[in-house]
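What follows is a set of notes on a single structure, which appears directly below.
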């Protein structure tokens, strides 16, 4: 598929079988609601109300802290080039010095912190693949929030993994220095 053909595809006109395209073609298209993984478009279905309020609770706390301390930017539902993928974390943090000049497109660099809230449509395999793709691309910290278990799994690397429960404190560690909140706050 060439770039001109890709530009004429809209979400309403997608065929039953999604077209194969390169990452560059996908980045140039104006397709919304998809992640790009290994040459395939992965639909991102709408999230639940529960997913939404957990995301807002955390993004509000994180945004206020980051803004007050001038550490960078907190973004939601933003595309990031992660190796040969385009991923859309629920919430992300980029330090000021890594924030892209061109904000009209997906970020050409992966987030410093990626946050995924597990949706009913997610699979463990898909979440794990995303977490490890973030680390391969240079992301320093990943939080995976489970609405069902009311936990946050903190990935510091592909081998250093901790699960926090409602009574514990979530920390920005060296990535968002000084940030912390009670895990329980995310689910209120």
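The values are calculated or read from the model by the stated rules, or taken from the named source; none is laboratory data. These numbers were taken from a predicted model, which means no experiment stands behind them. Heads up, the Cβs are rebuilt from the backbone with ideal geometry, glycines too, and the neighbour counts pull from every protein chain shown.
The condition (being buried (at least 18 other Cβ atoms within 10 Å of the Cβ), at pLDDT 95 or above and closer than 15 Å to residue 93 by Cβ) is satisfied by just one residue among 141, 186: 141. Go through the range 64-88 residue by residue and tally those that are crowded, with 17+ Cβ neighbours inside 10 Å and modelled with pLDDT of 95 or more. Total meeting the criteria: 7.
Scanning the range 60-69 for residues that are in a helix (DSSP H, G or I) and over 14 Å from residue 152 (Cβ atoms) gives 60, 63, 64, 65, 66, 67, 68. Does at least one position in the range 70-85 carry a residue that is in a loop (DSSP other than H, G, I, E, B), touching a residue at least 60 places away in the same chain (Cβ under 8 Å) and over 20 Å from residue 136 (Cβ atoms)? Yes. Of the listed requirements (1) without any contact (Cβ under 8 Å) to a residue 40 or more places away in the chain; (2) surrounded by fewer than 19 Cβ atoms within 10 Å (Cβ to Cβ); (3) more than 22 Å from residue 84 (Cβ to Cβ), residue 152 misses just one: (2).
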